[in-house]
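The values are calculated or read from the model by the stated rules, or taken from the named source; none is laboratory data. Quick caveat, the model's predicted, so the values are computed rather than measured. Note that we place each Cβ from the backbone using ideal geometry, even for glycine, and neighbour counts take in every protein chain shown. Surface accessibility is based on the protein's heavy atoms, side chains included, excluding ligands, DNA and RNA. Shrake-Rupley method; radii C 1.70, N 1.55, O 1.52, S 1.80 Å.
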Amino acid sequence: MVGEVWLCSGQSNMEWTVRSSNDFENEKLAAAANGHIRQVKIGKATAGFPEEDVKAEWQVCGPETVGAFTAAGYFFARELKDALPGIAIGLINSSWGGTRIEPWTPPVGFAGVPALKDINDKLILKDPTSGPYKETLNKYLAELQAWTAEARSSLQDQSLLKPAPAYPEALRPYHLSASPQQQPATLYNAMISPLVPYAIRGALWYQGESNLGDGMMYYEKKKALVQGWREIWQQGDFPFYFVQLAPYNYGDPQKDSEIMGRIWEAQAACEKIPGVGMAVINDIGEATDIHPRNKQDVGKRLALIAMARTYGMTNVVYSGPTFERMAIEDNAIRVFFKNADGLSTRDGQAPNCFEIAGPENDFTVANAVIDGRSVVLSHPEVKGPCAMRFSWHKYSVPNLVNAAGLPASAFRAGEVPKIDYLALKIAEAKDYQLIYDLEIGKGGNKIVYDHDESKNFTGKFDRVAYFLELQKAVGGVNYAYVSMDAFTDDINLIGVPTPDNKANFTLKVNNLTVISNVDGIVNGEMLQDSGCIEFYPNNYGPANASNIPNASNDVWDFGDQVSLSVPVGHGAMQVHNYAAKQTIFAYNAMRSGNYADLGIGNSPVRADRENTKRTRDWTFHANAREYRVKRLRVLVRPVK
């Protein structure tokens, strides 16, 4: 039989069967009319080098067999069968749940993408025909030979012998690793290479969940996959159509909510590769199921792309609204779309999932109004908006569609402003000089300042100030500014306490000024009998050894006892308003990088950390990783 053959590959959503999809009983009955559709399922296997053959047989579609077909591929083929009467459709189902994109990519693909040089270099080291492999193996053999001579002498002399040199891990084939199906090229070698040079019309791809955190690097990896397959198949730039990831509840909505926006952006960028198209499915996902059961519409949308772009059917609309350009109009942004005939929303409500940002505002949910082939965005609190984004939260289910009912995909545009809240919100900051600027966690277990003026500052200062900015994945920036009379004349002791600078202070401070946008923080200027600091790199306990008013002897708060016997310990950098029984900000466990304790205001009790029941100063929270922005600035007011 002669017909159109499409390769279907990826992870579990491509492997997902018709049997597990919506309305299976009716689909089973309907399969009787689809005998022109065939599937061959490639068995799961890994290999260190390209294989030349694989055992697999074609199955004819029917009520008894359709349940085992790839659902996305089958529903794609069914749409094509109706559009191409009398043409048989063959599906090569080579998929494996939970796998990354790298295992499916041939070495030649990695070699052609400079951004993936690290992966390519590692593959070269595992290739016995390569120079680096031979050089590394020869070096190892020389070391082994020398050790063997020492071993013979040791045996004769009955002397101690050091262990034999270990075989270079870099030479060990990937298919012998603990998780071979996740290593570069292993699935290509065993499950794709044997198919070459079988003639295919094109490829369908449904994968990305396992590469969720890659962001724009996923575009580079998809480019390597597509270019690599085309290179080894030698059939020109054959069509490559893939499925967008659907919205899904990937963990806590407060943690890295933008992770889907970044991967969606990377997936959209893949359409820049010649012959590549994306089926957008952000309206047919299931928030609580990573495997949406509605594979019928997934297959249909893939088929629409193929009908229009592969088979030249000019009357087929295959794309939803796509971003064309944006224009700033007074206090609004107008977004123009292509493929926007009949621009509307599928639920009749105002367009959702749009956000705008301005010089004094972070991204804010916008009021959106459709105007012809454009959408006008505004918000009363955002003056002079200059950037926008659409469908950026990982839970986004946008409602914008065109007349064909096809949805718009995630995108962003404009120049995101860098808002300096210190200059914008703190009037007295103009009289201060920046000494230290720290992106918390950037240096891992070391304090690495982005700006350090301590060696260049030679004058005197009479006040010290701290400005901490924190922002989670959801919501705006929280900040706390606090200034006080100088508690030392040594510029090196006002930064983050470390064993090197030997900063160690548990004392009251005078004339405390507090400015914060965090609910509950007591703001005020030149507050008397209110402030205290705890700065030290040591461990500490809850006892109120310094007799700070209102401090507890049982709870870690603002009067804790330093353990001088352990010079390098948990560490604390805390400023408090003891009169208000309040921590203004705390940065503890400073050498723990993104697992430091970090917060503004009194710390809450965490259900997942029993020991936080006895802390008010963020001790034991290990929460710095929850913030995408965590910046600390230290300033002084020079004496004129």
Here is a list of conditions, (1) closer than 17 Å to ALA503 by Cβ; (2) out of contact with any strand residue (DSSP E or B) (no Cβ under 6 Å at 6 or more places or on another chain); (3) open to solvent by 30 Å² or more (accessible area, probe 1.4 Å), and ALA596 meets all of them except one; can you say which number that is? (3)
Looking only at region 523-533, decide whether some residue is part of a loop (DSSP other than H, G, I, E, B) and either more than 13 Å from ASN577 (Cα to Cα) or in contact with a strand residue (DSSP E or B) (Cβ under 6 Å, 6 or more places away or on another chain) (or both). yes
Could you tell me whether ALA32 is open to solvent by 30 Å² or more (accessible area, probe 1.4 Å) and at pLDDT below 95? yes
Residues that are open to solvent by 20 Å² or more (accessible area, probe 1.4 Å), of a type in the set (Val, Ile, Thr) and under 27 Å from LEU377 (Cβ atoms), drawn from region 392-447: VAL397, VAL416, ILE419
Test: residue in region 177-184 that is open to solvent by 10 Å² or more (accessible area, probe 1.4 Å), in contact with an Asp or Glu (Cβ under 7 Å, 6 or more places away or on another chain) and closer than 30 Å to VAL2 by Cα: no
Result of the Cβ filter at 9 Å on region 210-234, keeping first residues that are free of Cβ contacts under 8 Å to residues at least 24 places away in the same chain and partners that are surrounded by fewer than 22 Cβ atoms within 10 Å (Cβ to Cβ), at least 6 apart or interchain, is ARG230/GLY236; ARG230/ASP237; ARG230/PHE238; ARG230/GLY275
Considering only residues of region 599-626 that are surrounded by fewer than 21 Cβ atoms within 10 Å (Cβ to Cβ) and of a type in the set (Gly, Ala, Ser), which is nearest to the chain's Cα centre (by Cα)? ALA622
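Would you check if VAL54 is touching a helix residue (DSSP H, G or I) at 6+ places or on another chain (Cβ under 7 Å), touching a residue at least 40 places away in the same chain (Cβ under 8 Å), open to solvent by less than 60 Å² (accessible area, probe 1.4 Å) and among the β-branched types (Val, Ile, Thr)? Before the answer, list the steps.
Details: touching a helix residue (DSSP H, G or I) at 6+ places or on another chain (Cβ under 7 Å): yes; touching a residue at least 40 places away in the same chain (Cβ under 8 Å): yes; open to solvent by less than 60 Å² (accessible area, probe 1.4 Å): yes; among the β-branched types (Val, Ile, Thr): yes.
Yes: the conditions hold for VAL54.
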Suppose we filter ALA387, ALA410 for residues that are among the small types (Gly, Ala, Ser), out of contact with any helix residue (DSSP H, G or I) (no Cβ under 6 Å at 6 or more places or on another chain) and under 29 Å from LEU212 (Cβ atoms); which single one remains? ALA387
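Yes/no matrix, rows are residues, columns are (1) open to solvent by 60 Å² or more (accessible area, probe 1.4 Å); (2) in a helix (DSSP H, G or I):
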{"site": "ASN138", "(1), (2)": "yes, yes"}
{"site": "ALA149", "(1), (2)": "no, yes"}
{"site": "ARG152", "(1), (2)": "yes, yes"}
{"site": "LEU160", "(1), (2)": "yes, no"}
{"site": "ALA164", "(1), (2)": "no, no"}
{"site": "TYR167", "(1), (2)": "yes, no"}
Run VAL562 past the list (1) closer than 11 Å to TYR536 by Cα; (2) open to solvent by 10 Å² or more (accessible area, probe 1.4 Å); (3) in contact with a Gly (Cβ under 8 Å, 6 or more places away or on another chain) and report the number of the one that doesn't hold. (3)
Within region 502-537, considering residues that are within 20 Å of GLY443 (Cβ to Cβ) and within 36 Å of the chain's Cα centre (by Cα), the one surrounded by the most Cβ atoms within 10 Å (Cβ to Cβ): TYR536
Can you confirm whether TYR578 is more than 17 Å from ASN539 (Cα to Cα) and touching a strand residue (DSSP E or B) at 6+ places or on another chain (Cβ under 8 Å)? yes
Which listed residue, of ILE101, ILE87, is among the aliphatic types (A, V, I, L, M), open to solvent by 60 Å² or more (accessible area, probe 1.4 Å) and touching a Lys or Arg at 6+ places or on another chain (Cβ under 8 Å): ILE87
For region 76-132, enumerate the residues that are closer than 17 Å to ALA47 by Cα, out of contact with any Asp or Glu (no Cβ under 7 Å at 6 or more places or on another chain) and assigned to a strand (DSSP E or B). SER94
Can you find a residue in region 122-134 that is within 20 Å of LEU212 (Cβ to Cβ) and of a type outside the set (Phe, Trp, Tyr)? no
Over region 2-26, the set of residues surrounded by fewer than 18 Cβ atoms within 10 Å (Cβ to Cβ) and part of a helix (DSSP H, G or I) is SER12, ARG19, SER20, PHE24, GLU25, ASN26
Could you pull out the residue among GLU102, GLU27 that is over 29 Å from the mean Cα position of the chain (by Cα), farther than 21 Å from ALA306 by Cα and not aliphatic (A, V, I, L, M)? GLU27
Candidate set: region 290-348, residues that are among the β-branched types (Val, Ile, Thr) and part of a helix (DSSP H, G or I); chosen: the one surrounded by the most Cβ atoms within 10 Å (Cβ to Cβ): VAL298
Would you confirm whether or not region 27-50 contains a residue that is in contact with a Cys (Cβ under 7 Å, 6 or more places away or on another chain) and assigned to a helix (DSSP H, G or I)? yes
Please verify whether ALA465 is in contact with a helix residue (DSSP H, G or I) (Cβ under 8 Å, 6 or more places away or on another chain) and either modelled with pLDDT of 95 or more or more than 20 Å from ILE600 (Cβ to Cβ) (or both), treating the condition exactly as stated. yes
Only one residue in VAL66, VAL18, VAL60 is at pLDDT 95 or above, over 17 Å from TRP96 (Cβ atoms) and touching a Phe, Trp or Tyr at 6+ places or on another chain (Cβ under 6 Å), so which one is that? VAL18
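Taking the options GLU265, GLU271, name whichever one is part of a helix (DSSP H, G or I), more than 16 Å from the chain's Cα centre (by Cα) and over 26 Å from PHE69 (Cβ atoms).
The conditions single out GLU271.
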Test for PRO385: is it modelled with pLDDT of 95 or more, over 27 Å from LYS630 (Cβ atoms), touching a strand residue (DSSP E or B) at 6+ places or on another chain (Cβ under 6 Å) and surrounded by 16 or more Cβ atoms within 10 Å (Cβ to Cβ): no
Across region 117-136, which residue is most open to solvent (accessible area, probe 1.4 Å) among those that are closer than 21 Å to THR105 by Cβ and in contact (Cβ under 8 Å) with a residue 24 or more places away in the chain? LYS122
